[in-house]
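The values are calculated or read from the model by the stated rules, or taken from the named source; none is laboratory data. Since the structure is predicted, the reported quantities are computational estimates derived from the model, not experimental observations. Cβ placement follows ideal geometry from the backbone for every residue including glycine, while neighbour counts extend to all protein chains displayed. Note: accessible area is taken over every heavy atom of the protein model, side chains too, but ligands, DNA and RNA are not part of it. Shrake-Rupley method; radii C 1.70, N 1.55, O 1.52, S 1.80 Å.
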Amino acid sequence: MNRKRLLHIDSSARLTGSDSRRLSARFVRQWLDNHPEYQVIERDLVGKPLPHLDETMLAAMMSPPEQHTPEMARIAERINLLIDEFLSADLVVLGVPMYNLGIPSTLKAYIDHIVMAGRTFAYTDQGAVGLVEDKPVFIITARGGVHSGTATDQQAPYLQTLFNFLGIRQVNFIHSEGLNMGDEIRRKGIEDAQAEIERHAA
């Protein structure tokens, strides 16, 4: 059997009791039940955090290998491993809590590793062009309030634009909202997300 790859990325600061982790894991389980030809690659951005962007990392990304110091070479190796992992995935599932209206800094650090000129996008005379082959990306969010379709949602527009920039058009959002607004609203938010997971993972 030709095994396809599902890249499962979690970014919640909570290693236990996280709604985004629980829901993204549910999606992965249901996907595997319906698509047994997939193998899962797990990347936990909190259990194994990535360094945030700094001057040395920028230099490693923007200079040729022959100019790399030993430290820059180690950084470039890490970046290329992450990019290769992302490019080789046939499907990407992200668990993304909302922190202060946006994405966790752990996820931003990951994004800063994989968005690289010449690997995942290129500059041309007509502007930037994505180099990533289109693939399904499922972004499962967990939000204390209700933000979809409002100016306070700084998650979905950013991630939609980011993946489109890389060349990915199949960006799907599954929101669990109102999780801190009382038991009844929380229950509905979880149930709505679970229903969407069942629909998409079928």
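What percent does the relative contact order of the range 100-202 come to when contacts are Cα pairs within less than 8 Å and at least six residues apart? Once divided by the residue count of the range 100-202, the mean separation gives 27 percent. Taking every DSSP beta bridge that has both ends in the chain, the antiparallel portion is near 15%.
Between the helical axis of 70-88 and the longest alpha-carbon principal axis of the chain there is an angle of about 50 degrees.
In the context of the full protein assembly, K188 retains an accessible surface of approximately 120 Å², using a probe radius of 1.4 Å and ignoring ligands and nucleic acids. Taking 18 Å as the straight-line reach from the Cα of K108, the lysines in range (excluding those fewer than 8 positions away in the same chain) are K48.
With all protein chains present, calculate the accessible area of R119 using a 1.4 Å probe and round the result to the nearest 10 Å². Accessible area of R119: about 70 Å². Per-residue surface analysis assigns Y99 an accessible area of about 80 Å², computed on protein heavy atoms at 1.4 Å probe radius. Sorting D33, D44, D125, D153 by solvent-accessible area of protein heavy atoms yields D125, D33, D44, D153, largest first, with a 1.4 Å probe.
Taking the Cα centre of the chain as origin, work out the dipole magnitude from +1 charges on Lys and Arg Cβ and -1 charges on Asp and Glu Cβ, in debye rounded to 20.
On the way: 21 positive and 26 negative charges, 84 e Å.
The calculation lands at about 400 debye.
Applying the Karplus relation 6.51 cos²θ - 1.76 cosθ + 1.60 with θ = phi - 60° to the range 112-123 yields 3J(HN,Hα) values of 5, 7, 8, 8, 9, 4, x, 10, 10, 7, 9, 8 Hz, where x marks Gly and Pro.
For Cα Rg over 2.2 N^0.38 Å, one of (i) 1.01; (ii) 0.96; (iii) 1.07 was computed from the structure I shared and the rest are decoys. Which label? Recomputing Cα Rg over 2.2 N^0.38 Å here picks out (iii). Summary value for the chain: 23 percent relative contact order, contacts being C-alpha pairs under 8 angstrom separated by 6+ residues. By the rule of a C-alpha distance below 18 Å, with chain neighbours fewer than 8 residues away ignored, the lysines paired with K4 are K135. Counting only protein chain heavy atoms and rolling a 1.4 Å probe, the accessible areas of M116, M62 rank, largest first, as M62, M116.
Figure note: H175, H113 ranked by solvent-accessible area, largest first, 1.4 Å probe, ligands and nucleic acids not counted: H175, H113. Here's how it looks for S176: its modeled amide H is under 5 Å from those of T141, A142, R143, which are all 5 or more places away or on a different chain. Backbone geometry of the range 187-202 corresponds, through the Karplus equation with coefficients 6.51, -1.76 and 1.60 at θ = phi - 60°, to 3J(HN,Hα) couplings of 4, 5, x, 5, 5, 4, 5, 5, 5, 5, 4, 4, 5, 6, 8, 5 Hz, x marking Gly and Pro.
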